[in-house]
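Student: One structure, as structure tokens, below. Some questions next.
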Amino acid sequence: MEVTCLTRSPTGAGSRRLRPCSRAERKDIADERRKDVGVIAAATTKPDKPTGRSTTKGRSGSRRRNRPSPRERLLTSATKLFTTEGIRVIGIDRILREADVAKASLYSLFGSKDALVIAYLQDLDEKSRADWVRRTSGMKDPVDRILAFFDQAIDDEPGQDFRGSHFQNAANEYPRPETESERGIVSAVQEHRRWMLQTMVDLLTELNGYPGTAQANQLLIFLDGGLAGARLNRSVEPLRTARDLAKQLLMVPPADYSI
């Protein structure tokens, strides 16, 4: 491609036009371009020792391969922020900065902040169920498996700075859900509670030979109270008390059941 130069009037006034550059001008332009390329290369590469080969491309490629996906980064950042500071107080821009993800990616993956909140709660639910399954995998006694819900909370609360139940905290932020997405958030919380209740009912049926829905609801109330007390006192002692009450209840069949 022909290189052109601009011809100006000696006084700076008048018309200007493009013309083919002279050989000397073309040489000067080429020299300047080589200098620019050298400066850019020096600023963006770091030589290996002792070979002197550039490692910038290899390092950036490795980081990209090892980096979690945008969806994982968004969920990880949302979980950290929602569990430590709350849901409504956290804006989209804060999540995007923490996750280092573009806004377009968030809307492409989730559609809205509320949808991200639902995904966060569903992820917590899956992890909570998997943890309980691991804890009870070697247990045969239904009583031990029920008490594992209390042991799970006793073990988790100190590590999460006594924040209480993340599911209850989420529901408390939407006391009167007004939109479909807000109702979806509350539904995700309720789904986790339904799983806990049904699991306890199934275990009580195995223990007593008949359904124990009323007992299961009482056990959940003990757990709710223990979590609330642990958050207020910043101590697991209320949860230990709740566990003791649950154990006492499990030793006595429901009073309203007759054979």
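The values are calculated or read from the model by the stated rules, or taken from the named source; none is laboratory data. Not measured: the values here are computed from a predicted model. Here the Cβ is made from the backbone with ideal geometry for all residues, glycine too, and neighbour counts use every protein chain on show. Accessible surface areas use protein heavy atoms only, side chains included; no ligands, DNA or RNA. Shrake-Rupley method; radii C 1.70, N 1.55, O 1.52, S 1.80 Å.
Student: Considering only the stretch 42-62, I want to know if a residue exists there that is at pLDDT below 60, aliphatic (A, V, I, L, M) and over 30 Å from LEU147 (Cβ atoms).
Tutor: yes
Student: Here's another thing I want to ask about it. All but one of (1) open to solvent by less than 50 Å² (accessible area, probe 1.4 Å); (2) among the β-branched types (Val, Ile, Thr); (3) modelled with pLDDT under 80; (4) touching a helix residue (DSSP H, G or I) at 6+ places or on another chain (Cβ under 6 Å) hold for ILE95; which doesn't?
Tutor: (3)
Student: So which residues in the stretch 102-125 are under 13 Å from the mean Cα position of the chain (by Cα), part of a helix (DSSP H, G or I) and of a type outside the set (Gly, Ala, Ser)?
Tutor: Applying the first criterion (under 13 Å from the mean Cα position of the chain (by Cα)) to the stretch 102-125 yields 106, 110, 113, 115-125.
Checking the rest, the ones that are also part of a helix (DSSP H, G or I) come to 106, 113, 115-125.
Across the stretch 102-125, the qualifying residues are LEU106, LYS113, LEU116, VAL117, ILE118, TYR120, LEU121, GLN122, ASP123, LEU124, ASP125.
Student: How many residues does the stretch 136-166 contain that are closer than 14 Å to PHE222 by Cα and part of a loop (DSSP other than H, G, I, E, B)?
Tutor: Of the residues in the stretch 136-166, 2 are closer than 14 Å to PHE222 by Cα and part of a loop (DSSP other than H, G, I, E, B).
Student: Which of the following residues is over 19 Å from ASP123 (Cα atoms) and either crowded, with 16+ Cβ neighbours inside 10 Å or out of contact with any Leu (no Cβ under 6 Å at 6 or more places or on another chain) (or both): ARG183, ARG176, ARG163, ARG193? I'd like the intermediate steps shown before the answer.
Tutor: On the way: ARG183 fails: over 19 Å from ASP123 (Cα atoms); ARG163 fails: over 19 Å from ASP123 (Cα atoms); ARG193 fails: over 19 Å from ASP123 (Cα atoms).
None of the others qualify; the one that does is ARG176.
Student: I'd like to verify a number: residues in the stretch 66-78 that are under 13 Å from the mean Cα position of the chain (by Cα) and open to solvent by 30 Å² or more (accessible area, probe 1.4 Å), how many?
Tutor: Restricting attention to the stretch 66-78, the residues satisfying the condition of being under 13 Å from the mean Cα position of the chain (by Cα) are 68-78.
Still in the running and open to solvent by 30 Å² or more (accessible area, probe 1.4 Å): 68-73, 76.
Count: 7.
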